[in-house]
Amino acid sequence: MKAALQVVRTCFGLVPLQRWLNGISGALIAMSVGAAILGTGLGFIGLGVAGLLGLCLIALAPGFCGGAMLRYGLSLTLLHLRPHGRARLLLGATLAITLLATVAALPVTIVQPQITRSIAGGGLELDSNLALQVSRSFLIAWNVVAIFWVATFAITASRIATIVAWLALMGAPVVGKLLDRVIPVDALPQGSAGLLLAIGPMTWMLLVLWCLKARSIRPMAFHGILTLQRENEPSDTSASSRSKRVDNAPSTIDVRQKPPTRLFATFWYLNGSGSIAGAAAAGAGVALSGVLVFGVLIPFPTSGGAVWPGPSWLKVPALYLPAFAAIAALVGRLLALRARHLWLRAGMDRASLFHLTEKYCLLITGLTLGGGAAVLLPLSLIQQPDIAASVFTYGAATCALVVCMVYVGLSAWSYSFIQLGLGVIALFLYRLPSILPQPNASPAAALGTIMMFALLVFPLRWYARRRWSKLDWHAWRLPTMARRAA
Amino acid sequence: MSQAAVSIDNLGKSFGKHEVLRGISTEVRAGDVVGVIGKNGAGKTTLLEAMLGFSPPSSGHARIFGEDSLAMSAAVKARIGFVPQQDELLPTLTGERQLALTASFYPRWDRELIKRLAQEWEVPLQRRASALSGGERQKLSTLLALGNRPDLLVLDEPVAALDPLARRKFLQALLDIAVDRERAVIFSSHIVSDLERVANRIWVVKDGRMLWDGETDNLKQSVRRLHIQAREPLPAELGLANVLSARRGTDGRTATVTVRDLADADIDTAATRLGAHIEREGLGLEDIFLEIHA
């Protein structure tokens with residue numbers, strides 16, 4: 001049990017930032033609970049927000065990375081030599097999920113009576129079906145966390161699975177729609193909720209049993225790729241590709257040959273060619289696929305909403321455009337990491353290397369985004385000429401965001417990459433309502449947003465250049481990963 | 001006679017068509033300090049890992065304290081300490097946390113020993129593993145392997161990243177641990193002089209085979225370099241058995257031959273037959289290693 005508790009402790013403290021988040025979230029949850037118990041004048045929304053924020057913060061690393069952490073831990077060679085190593089690690093993981101679910105149930109405990117009182121105060125009655133019991137919220141949370149862990153455990157096993165998961169995430173509405181067709185929610189029999197809530201524990205149990213029986217457990221594929229980057233970069237895979245790169249080193253950054261970039265290039269270009277034309281074709285391909293899926297295969301009802309009125313087959317893929325920004329940042333980061341080896345080999349100075357990398361990043365991301373926009377924006381204009389101006393402002397703002405994220409990626413040498421990226425995305429989401437196409441959109445607000453992001457490019461570029469001029473080329477070190485499964 | 005800590009019988013390991021280990025059989029008992037030497041890719045790490053059951057062997061089997069290494073009980077596992085060539089420290093955890101986590105898996109954990117060694121070896125336990133130097137990481141990995149006071153300690157190139165001073169301290173500690181004759185230590189290293197100083201047994205691994213398995217002193221006595229000096233040009237075939245390497249002088253009258261397990265009488269016979277004077281030279285472990293791989 002001692003080992004299992006240590007595993008739980010590690011799970012909630014593995015990420016350095018998490019320790020701070022744990023402290024903050026603990027304070028927030030305590031504040032919520034205290035206020036609820038004392039019956040202070042704080043409204044239920046305030047209490048709920050504080051509690052939920054606390055929950056999000058505490059669950060951030062263990063919740064989202066738990067499955068990956070589990071795979072990492074189980075694949076360590078040394079675990080084979082620890083007495084009851086796997087069993088204790090899995091027991092610890094089960095306790096961690098239970099703790100997460102308990103933490104998740106806390107805000108419900110806090111908010112539920114407040115909601116009931118508030119509704120009753122307004123002369124209304126809370127529908128008993130809507131009242132979420134603490135036990136049920138605990139079970140739902142247990143299910144969600146367990147299934148998420150199992151899913152991330154599974155997808156971290158192979159690069160292909162990781163890519164499929166990314167695509168599934170992007171196409172989550174499609175998956176939901178398909179599932180609804182296969183098993184309509186209305187058709188579910190009474191009492192099926194209990195059965196559904198058993199899925200998580202059952203899945204988890206199956207995983208535990210498999211882990212205990214398995215001869216070996218594969219290490220994380222993603223880390224394997226990154227480790228390849230570190231260890232194999234100077235000599236890489238084949239003599240022909242090596243000589244080609246060395247010859248071309250001063251003038252090109254070949255994104256096709258490097259294992260980590262190849263992963264994203266496959267996802268990014270889709271056609272796998274890695275060519276400049278392929279980048280544009282991939283962007284257009286994603287947009288066209290979205291239009292086809294949402295327009296022909298799974299047609300959503302036409303929305304009459306005030307925000308971006310019109311058919312969902314156009315709206316949904318277009319709303320994915322800003323997602324390219326995150327990928328732009330990743331491409332920037334990977335090229336930046338790649339560039340340090342070019343510096344060692346090609347003898348370029350830092351400034352010219354930065355310009356070279358910047359050029360390629362902007363070219364690749366710009367072409368892909370442009371490819372997507374080239375399909376979606378004209379279609380949108382044909383379909384809804386009345387909102388033409390706001391469609392253009394939406395496209396322009398997205399472009400500005402993508403450029404910002406390129407520079408976020410290029411300054412990628414530490415945790416600041418994540419913080420900076422999250423900051424820019426949060427700002428974009430905050431300003432999103434002002435740029436969404438709608439008939440009565442305010443041009444001033446939209447232009448203000450575009451200007452804001454266009455101006456943001458300059459400090460971000462300055463920051464990235466500054467980092468490049470001072471960075472320690474070996475600062476970005478990967479943790480040592482298990483070479484062979486236990 | 002005490003139970004063997006390690007018993008290997010006809011162990012073989014292949015990765016696809018590539019045969020890395022072939023027909024290795026040996027035993028290690030308490031009190032043995034075994035040094036494993038071999039070129040890069042000779043199969044040292046594979047041997048240690050297959051021996052400990054990290055991956056199933058292609059043929060034969062390995063037993064640790066009488067149990068199959070692929071299915072060791074918790075009690076046997078608690079008696080083993082292993083330092084892998086590439087450490088498996090969790091980069092975001094401090095040394096103290098790594099020690100606490102590892103300690104929680106063992107029924108006995110010698111905190112005093114770890115505290116003392118950490119001070120002696122100057123391991124900054126408050127720092128995260130990611131902030132440690134290569135040598136400090138290696139020392140921390142070794143601490144993690146020593147805390148359970150293992151009866152069998154296996155170290156795969158434990159001193160590769162250590163400076164000479166740290167190496168000396170480390171080897172001294174290793175000797176202290178092994179000197180009580182209750183523990184068995186197996187360690188591989190490319191620094192042959194270290195092995196010579198510490199190991200009382202040597203395994204020489206070449207091309208996946210165990211070329212030598214025996215006492216260090218016996219190995220040093222069995223391998224000799226012969227300096228042959230004849231009045232007439234030497235024949236093409238010198239007629240010596242167990243030759244490890246041979247080099248002829250430009251004049252054809254001299255030759256330097258390294259031989260193994262060749263009796264003095266045989267050398268005298270060869271000297272008479274060749275009409276030459278043969279001078280015998282004993283070799284250090286490093287020279288023996290070079291001659292074996294020449």
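Here are some notes:
- Cα convex hull volume per residue for chain B (Å³): 156 Å³
- Sorting A:217, A:147 by the number of Cβ atoms found within 10 Å of their own Cβ, with the fewest placed first, yields A:147, A:217.
- Within chain B: Cβ-based charge dipole about Cα centre, in debye rounded to nearest 20 (Lys, Arg +1; Asp, Glu -1): 580 debye
- Rg ratio (alpha-carbon, reference 2.2 N^0.38 Å) - the stretch B:37-128: 1.31
- Within chain B, helix-based [θ] at 222 nm, where runs of 4 or more DSSP H residues each add -39,500 (n - 2.57), nearest 500: -9000 deg cm²/dmol
- Listed cross-link partners A:359/A:470; B:44/B:139; B:39/B:115 are compared with a 26 Å cut-off, the Cα-Cα value being larger for B:39/B:115.
- Gained length - residue A:27 relative to residue A:422, 0.36 nm times residue gap less alpha-carbon distance: 139.9 nm
- Gyration tensor verdict on the stretch B:1-85 (Cα atoms; rounded if a/c is under 1.5, prolate if a/b is larger than b/c, oblate otherwise): prolate
- Taking every DSSP beta bridge that has both ends in the stretch B:111-227, the antiparallel portion is near 55%.
- Chain B: relative contact order as a whole-number percent, Cα under 8 Å and 6+ apart: 20 percent
- Simple Cβ-charge dipole of the stretch B:1-133, Lys/Arg +1 and Asp/Glu -1, about Cα centre, in debye nearest 20: 160 debye
- Its alpha carbons give the stretch B:132-188 an Rg and a Dmax of 11.0, 33 Å.
All of the numbers you see were taken from the coordinates with simple rules; none came from a lab. Given the structure is predicted, the values throughout are model-derived calculations rather than measurements. Methodologically, a virtual Cβ is constructed for each residue, glycine included, from the backbone with ideal geometry; neighbour enumeration extends over all protein chains shown.
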